[in-house]
Amino acid sequence: MTAAVADLSGPVAAISVSALRFNALDLVVRAGGVPIRLASKSVRVREVQDAALALPGYHGILAFSLAEALWLAERHDDVVLGYPSVDRAAIARLTADERSASRITLMVDDLAQLDVIDSVAPPRSRPPLRVALDVDASWQAPGLGHIGVRRSPVHDPAEVARLARAVAGRDGFRLVGMMMYEAQIAGQPDATGAGDGVVRWMQRRSGHELRERRAAVVAAVREIAPLEFVNGGGTGSLEYTAADESVTEVTAGSGLLAGHLFDGYRAFEPAPAAAFALEVVRKPAPDIATVLGGGWIASGPAVPSRQPAPVWPAGLRTLPREGAGEVQTPLQGAAARRLRVGDRVWFRHAKSGELAEHVDRYRLIDGGRIVGETPTYRGEGMSFL
């Protein structure tokens, strides 16, 4: 890859076409015949999204903002919004466009979110809006409390049914789907070293509880409205979620480009598909090489695992007191002694989508040469979150 981009000025972001192809097909195998809804947040490159959606086994998009969903719905007819939205400008655009309203499904977990929509466009002034319920999939562990992420406030079948009944009975809305994202399973590596036994115990117990509860929730909601889809899972839990008979589709996106957070799972081993190269600009000490930029931090708690990882040349590490910096990143190690001003260092991003927010294009590399390039959302002049 270094030879392929030798004539380009940095920073350079690249996608290995062969690794991307492997990951896209491997996700289909792992899903076991259950359709995969593509999580756009974890890609943010329309050409990559379109290529994946053209493969058998993929269907539909899970978007991360309503403005993005409206943009994607210009060329895709099944876009589910993964999070509630109170973006009044985007709501006004949605409610004024019957075609977009037929292609986009809004996500709700509180009637107050419907109140906001009605305040922008009363039911009689707009087409009916498609709505899905976001249901809490976290584990309320005995003696331990809440394990998972803080998403929806509705958890038990009875309270989900109350919300479903209220949504289904409300003018101007049509309840068509449901989502339960088990972050404590999908987003928690189980093969990183210390503590793996505890993580696996938690995931087994949580998975058993969730399978029973999700079946009860789905049954309760289906008595109220004919659901078109029940969505669950993520890249880290495709096997588990696809085996749940209550689920009709799974979500994946991060597994396509494979940030380094996904190296620590027992069930699968993705091929590193995306990387970025920064240039050495100074040598403050014989065993330290400083590159320009690098502070492209992934979402989540501010811990070392969210930093980009220097992966080539091997044997480099960030400094504990500096980490990956906004303008410069010092790297230390035996390999740094061999680096000279003007050399390149390759990094892998912790997650996947955030890298696209820092570059306007990816270079596509196959067989040791550049075979094309593709714009990111940023390269197309779009920035949603």
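The values are calculated or read from the model by the stated rules, or taken from the named source; none is laboratory data. Only a predicted model underlies this, so the values are computations on that prediction, with no experimental measurement involved. In this analysis, Cβ positions are derived from the backbone assuming ideal geometry, glycine residues included, and neighbour counts consider all displayed protein chains.
The table for this structure:
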item: Wholly enclosed strands (runs of 3 or more DSSP E) of segment 338-385 bearing at least 2 residues under 21 Å from ARG44 (Cα atoms), out of contact with any Lys or Arg (no Cβ under 9 Å at 6 or more places or on another chain) and in the same structural domain as GLN328 (by TED's automatic domain parsing); result: 344-348, 361-366
item: Selected residue (only one of PRO330, PRO308, PRO286 is in contact (Cβ under 8 Å) with a residue 12 or more places away in the chain, touching a His at 6+ places or on another chain (Cβ under 9 Å) and not aliphatic (A, V, I, L, M)); result: PRO308
item: Filter pass, LEU257 being at pLDDT 95 or above, aliphatic (A, V, I, L, M), crowded, with 20+ Cβ neighbours inside 10 Å and farther than 22 Å from ASP343 by Cα; result: yes
item: Set LEU292, LEU319: member being in contact with a Pro (Cβ under 6 Å, 6 or more places away or on another chain) and surrounded by fewer than 17 Cβ atoms within 10 Å (Cβ to Cβ); result: LEU319
item: Answer from ARG338, ARG378, ARG363, ARG369 - the residue that is crowded, with 17+ Cβ neighbours inside 10 Å and at pLDDT 95 or above; result: ARG363
item: Members of segment 318-349 found to be touching a Gly at 6+ places or on another chain (Cβ under 9 Å) and hydrophobic (A, V, I, L, M, F, W, C), listed by number; result: ALA324, VAL327, LEU331, ALA334, ALA335, ALA336, VAL345, PHE347
item: Segment 33-64: number of residues that are over 11 Å from GLU249 (Cα atoms), part of a loop (DSSP other than H, G, I, E, B) and of a type outside the set (Lys, Arg); result: 6
item: Qualifying residues in segment 102-118 (those that are touching a residue at least 12 places away in the same chain (Cβ under 8 Å) and part of a helix (DSSP H, G or I)) - the one surrounded by the fewest Cβ atoms within 10 Å (Cβ to Cβ); result: LEU111
item: Within segment 331-377, considering residues that are among the aromatic types (Phe, Trp, Tyr) and under 19 Å from the mean Cα position of the chain (by Cα), the one farthest from LEU278 (Cα to Cα); result: TYR377
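Quick grid of which residues meet (1) of a type in the set (D, E, K, R); (2) farther than 24 Å from PRO270 by Cβ; (3) surrounded by fewer than 22 Cβ atoms within 10 Å (Cβ to Cβ):
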{"position": "ASP156", "(1), (2), (3)": "yes, yes, yes"}
{"position": "ALA166", "(1), (2), (3)": "no, yes, yes"}
{"position": "GLY187", "(1), (2), (3)": "no, no, yes"}
{"position": "MET202", "(1), (2), (3)": "no, no, yes"}
{"position": "ARG214", "(1), (2), (3)": "yes, yes, no"}
